[in-house]
Amino acid sequence: MKHNPKILAAVLCVSLIGGCAAKSGGESSQENSSTTTASVPTISSAPISEASSAPEESKGEPTFLIGLDGKAILTGEITRLENTEKTAETLTEDDLYADVYCEGFTYMKEPAAAYYSTYKNPELFDSYKFIGEAEENKNEWRRVNVGDEICGLKVKAAQTHFMVHDWEEYKFPARYFRPDNSFCELEGTVELEGYLQVTAEAALYQGVGGKLYFYPCESKLPVTPPYNPVDDEIGFASRLGNGMVYDNVDIMMFTELDDIYLGEFADEDCDLDGLGKGDVAYARVTLDNIQLWSSRGKATLREVKLLSDILAHNGDETELRQPAPTL
């Protein structure tokens with residue numbers, strides 16, 4: 001296994017996330033020099049129908065497009081084509097930059113059982129590097145259709161995106177698969193432990209303060225493909241604050257997914273148990289309305305229970321700490 005450390009997040013807007021219990025630990029990390037902003041990635045240029053049904057056994061002829069499960073996409077499973085005049089039946093590998101969308105299914109895998117954090121496993125981290133041993137996640141990529149269950153959650157809507165291009169850096173089983181616009185919405189509620197952060201106001205990025213991010217340190221959510229994979233191994237060793245210091249405290253995680261965005265501090269209607277702008281704490285949260293794509297997520301926060309004191313605070317120390325909103 002290779003380790004390529006990935007440094008997450010912004011001048012107080014961050015990244016990371018977790019999975020559902022399986023057998024082994026994800027490991028290899030990726031370098032991320034970009035700054036995470038408060039914006040949430042656009043999932044698709046067109047809405048996804050919740051009424052999409054699971055694809056049938058026979059829907060046309062096999063195409064040159066291969067899913068992460070190693071099986072060919074059928075012509076009848078292609079629901080939209082962009083940047084081309086071709087049809088699903090006439091599209092070829094020479095139609096470069098054609099975008100291919102398939103609604104009703106996407107690809108995920110069961111997560112690893114081993115997730116680590118400096119809160120519970122400080123000895124496994126050195127600065128922003130994970131120095132522990134973690135087994136490769138050997139679970140196979142699985143096609144999940146609308147109506148299927150994974151990690152105890154039901155697939156409500158899903159989309160898979162391919163782009164006809166020679167993605168040499170993508171070493172997935174699927175040469176043309178694009179994780180950034182592949183998407184899954186899940187029905188159900190999940191309770192997770194991890195780091196909960198309310199970003200502080202930052203002079204260089206006005207208006208980004210007050211974003212809520214959660215970094216699960218438990219494997220209870222399915223794993224989605226990384227945005228820019230360099231190999232088939234998945235794992236992130238990440239440090240909050242993009243290498244900056246939070247009150248001289250390193251807050252680190254080793255996990256298989258990135259952040260879950262939970263919206264705005266000012267709009268939150270659940271009790272944040274004393275967490276204010278600029279704070280980070282280890283917490284148990286209850287989430288629903290979970291959406292996952294390219295190693296990231298978005299969800300609705302239903303309940304918070306802090307399991308630690310405020311581990312770090314970042315922001316203007318002259319400003320008053322804002323109390324958490326209450327019902």
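Summary table below
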item: Qualifying residue in the range 46-62 (condition: surrounded by fewer than 16 Cβ atoms within 10 Å (Cβ to Cβ), over 20 Å from the mean Cα position of the chain (by Cα), of a type in the set (D, E, K, R) and at pLDDT 95 or above); result: yes
item: Output for the range 131-161, where each listed residue is over 18 Å from PHE254 (Cβ atoms), part of a loop (DSSP other than H, G, I, E, B) and among the acidic types (Asp, Glu); result: GLU140, ASP148
item: Matching residues in the range 214-238 - criterion: being within 12 Å of the chain's Cα centre (by Cα), under 22 Å from LEU124 (Cβ atoms) and at pLDDT 60 or above; result: PHE214, TYR215, PRO216, LEU221, VAL223, PRO226
item: Residues satisfying the stated conditions in the range 249-272, i.e. open to solvent by less than 10 Å² (accessible area, probe 1.4 Å), over 15 Å from ALA299 (Cα atoms) and not charged (D, E, K, R); result: ILE251, MET252, MET253, PHE254, THR255, LEU272
item: Residue check, ASP126 at pLDDT below 90 and more than 16 Å from CYS217 (Cα to Cα); result: yes
item: Top-ranked residue of the range 162-189 - restricted to ones that are at pLDDT 95 or above and surrounded by fewer than 23 Cβ atoms within 10 Å (Cβ to Cβ), ranked as nearest to SER117 (Cα to Cα); result: THR189
item: Residue list for the range 71-130, restricted to those being open to solvent by less than 30 Å² (accessible area, probe 1.4 Å), within 13 Å of VAL164 (Cα to Cα) and assigned to a strand (DSSP E or B); result: ASP99, VAL100, TYR101
item: Residues of the range 305-327 that turn out to be at pLDDT 85 or above and among the polar types (S, T, N, Q), as a count; result: 1
item: Test set (1) at pLDDT below 95; (2) open to solvent by 10 Å² or more (accessible area, probe 1.4 Å); (3) in contact with a Phe, Trp or Tyr (Cβ under 6 Å, 6 or more places away or on another chain) - TYR195 fails condition number; result: (2)
item: Residue count for the range 272-304, restricted to those that are touching a Ser or Thr at 6+ places or on another chain (Cβ under 8 Å), among the charged types (D, E, K, R) and at pLDDT 90 or above; result: 3
item: Any hit, the range 156-168, residues being of a type in the set (Phe, Trp, Tyr), without any contact (Cβ under 8 Å) to a residue 40 or more places away in the chain and either at negative phi or in contact with a Ser or Thr (Cβ under 7 Å, 6 or more places away or on another chain) (or both); result: yes
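The values are calculated or read from the model by the stated rules, or taken from the named source; none is laboratory data. It should be emphasised that the depicted structure is a prediction, and the values quoted were computed from it without experimental measurement. Neighbour counts run over all protein chains shown; Cβ positions are idealised from the backbone, glycine included. These accessible areas exclude ligands, DNA and RNA; they are computed on the full protein's heavy atoms, side chains included. Shrake-Rupley method; radii C 1.70, N 1.55, O 1.52, S 1.80 Å.
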